[in-house]
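Take a look at the structure below.
The values are calculated or read from the model by the stated rules, or taken from the named source; none is laboratory data. None of the values given here were measured: they were computed from a predicted structure. Neighbour counts are summed over all protein chains in view; Cβ atoms, including those assigned to glycine, are modelled from backbone coordinates with ideal geometry. SASA here: full protein model, heavy atoms, side chains in, ligands and nucleic acids out. Shrake-Rupley method; radii C 1.70, N 1.55, O 1.52, S 1.80 Å.
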Amino acid sequence: MQAKIALLSLFIIHQLTCSSQIKGDWEAGVPEGCTTITVGKNATYDGSVMTSHTDDSHRTRSWVNIVPEERHGRRDKVTMYKRENDDSRKMPAYKHTEVGKIPQVRETYGYINSAYPCMNTKQLAIGESTFGGRESLVSDKGLIDCQRLIKLMLERCSTAREAIKMSGELTKKYGYSDYGECLTIADKKEVWHLEIVGPGTNNVGSIWVAQRVPDNHISVNANAARIQEIDTTNTDYFMYSDNIFDMARDSAWYNPDEPFRFADAYAPEGRESMAATRREWRVLSLAAPSLKLDPEARDFPFSVKPDSKISLEKMVEMFKDYYEGTPYDMVGHLKKVTEDGDTIPHPYANPFMPYDKYDLHDISGGWGKLGERTIARWYTMYGTITQSRDWLPDEIGGIVWFAQDNIATSVYIPIYCSVTDLPESYKTPGRNGFNRNSAWWAFNRMSTLAALRWNDARHDVDKVLLPLQKEIFSKQTETERKAMSMNSKQTKAYLTRYTIDWGNKVVSKAWQIGDDLWTKYDEKF
């Protein structure tokens, strides 16, 4: 009997360990990482199609590089990996353990290889947000996890519909092995949300649905499944796996006498999480304040028509947001009375405190003891805003605006999808410990110092970075006009130099701002 108990204990420990291996970025039972915003071509300021992503993570890698187009042999294979927690380094990280191989295709597109690859040389762009879903749907029999699925899409596809179709085929054959994910997939014409979950314990396959964002709308995913009723007659706006209804019905996850709702059937816990729904409300409300959406609502429209066209500046504003000026400002109650009798925000009122400081300052919110899950986060590794533009050659039309660390104190540089290299600091790993050669550490240090005395130091940061961001955006038209006059090889070389120059410049600024903050607020932190 004792032997059986010991074996059972080992089995339980093993199961818990396996489950936690891919839950490194979860809190309070739900994912706390990643927000993605999508905008159709008729809702943007210039006609581009946009997706985006904040990689909010306590473990994900910081470095990014360029993977070129490649040719492969007939019998070549591509390796699939499982993501696991890695606590062997100086900082928490992930390791990737091989689980199998699948056949490679003869030719693959090049892509910008961030932790979650973000755009290929055909202007196909992808954002990501984990929503979890039912635990019983996760299967360790599959070979393809979220990061590998994105990589396969960008290597093999040029349109969103093609990527979604291929995703369904590959995961049906080789199996999806991850928790529920939303992938926001944009091409030169349109943008879709793909929500995918596993096929169930010990099964091989996947269950998924995809919904297109109307061209004149904006949408968001913030760690909760959002696709609900599926119009099976409208193939221009919906795609789905052939097992989507059967699994839900057989598992009694929906009443066949009522309309089928994907999110309620496969990921109901996300629809109850204020960490997710508050961000949905905030993004949609910032885009369309005229709708007067209820911040306490459980569900919001999948997408809305913005009150005005969405610009790059508006996208940056939304990603910098932490509910300041709303009832959900976690630190709005922290005030100071000046010698003149004025009540002002306390210099130390910091929306980016680590969780174990919350009880010290009586902070709570829609996420209970974790306060409010704001859009801007102190543990963001990087952020992207992508533009795909059908009126320009691919070399110029596809651009990723890439920021490091907390977006509230960062600046986006342009990475065109055709560039062949990046600044050395962006390619330098950051999770092996503090490194003066790492772009991520330049922004992480600056952001951390600014947060320590937020209501003073943020103005010092903005004084430098806001004009810098404005300058970068203002140079886009001129840069692309010059690139249009060159042949393809010259264009790639020119845009590569352009990206490297801006990357080096903003990293230098970040180090300098950090030094200045340390000097100015010495003895005041």
Quarter of Cα convex hull surface for the chain, i.e. mean projection, nm²
27.7
By the DSSP-based rule, helices of the chain that are at least 24 Å long along the axis (C-alpha) and have a mean Kyte score of at least 0.5 are 2-21
Report, in cubic angstrom per residue, the convex hull volume of the C-alpha atoms of the range 158-296.
126
Obtain the nm distance between the two label points defined at His333 and His72 by a simple spin-label model: each point lies 7 Å from its Cα along the Cα-to-C-beta direction.
5.5
Ranked from highest to lowest mean number of other Cβ atoms within 10 Å per residue, what is the order of the peptides 103-116, 148-161, 165-178?
148-161, 165-178, 103-116
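Grab the beta carbon distance between Lys189 and Lys463, set R0 = 41 Å, and tell me the FRET efficiency rounded to 0.05.
0.55
What ranking do 270-276, 259-265 get when scored by the average of other Cβ atoms within 10 Å per residue, highest first? Intermediate results must be reported in sequence, preceding the final value.
Numbers: 270-276: 21.6, 259-265: 19.4.
Highest mean packing first, the order is 270-276, 259-265.
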How far is the Cα center of the range 26-97 from the Cα center of the range 126-143, in Å?
14
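What order do you get for 89-97, 398-406 when each peptide is scored by the mean count of other beta carbon atoms within 10 Å, highest first?
Details: 89-97: 14.7, 398-406: 26.3.
Ranking the peptides 89-97, 398-406 by packing returns 398-406, 89-97.
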Considering only the other residues whose Cβ falls under 15 Å of the Cβ of Lys524, what net charge follows from Lys and Arg at +1 and Asp and Glu at -1?
-1
Amide H partners (placed H, <5 Å) of Lys82, local residues excluded
Thr97, Glu98, Val99
So how do His58, His72 rank on accessible area, 1.4 Å probe, biggest first, that is with the largest at the start?
His58, His72
Can you tell which of Trp192, Tyr498, Tyr254 lies farthest toward the positive end of the dipole of the chain, using +1 and -1 charges on the Cβ of basic and acidic side chains (Lys, Arg; Asp, Glu)?
Tyr498
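Evaluate E = 1/(1 + (r/R0)^6) for Lys520 and Glu478, where r is the Cβ-Cβ distance and R0 equals 41 Å; express this FRET efficiency to the nearest 0.05.
Working: r = 35 Å, r/R0 = 0.85.
The value I calculate is 0.70.
With a probe of 1.4 Å, find how much accessible area the chain has per residue, and write the answer as a whole number in Å². Let's see the in-between values first.
On the way: 21810 Å² over 525 residues.
Averaged over the residues of the chain, the accessible area is 42 Å².
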Report the full-extension gain for the segment Asp236 to Ser308: residue separation times 0.36 nm, less the Cα-Cα distance, to one decimal in nm.
23.4 nm
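Round to the nearest 0.05 the FRET efficiency obtained for Asp359 and Glu272 when R0 = 25 Å and r is the Cβ-Cβ distance. All intermediate terms of the calculation are to be shown ahead of the outcome.
Details: r = 24 Å, r/R0 = 0.95.
Efficiency for this residue pair is about 0.55.
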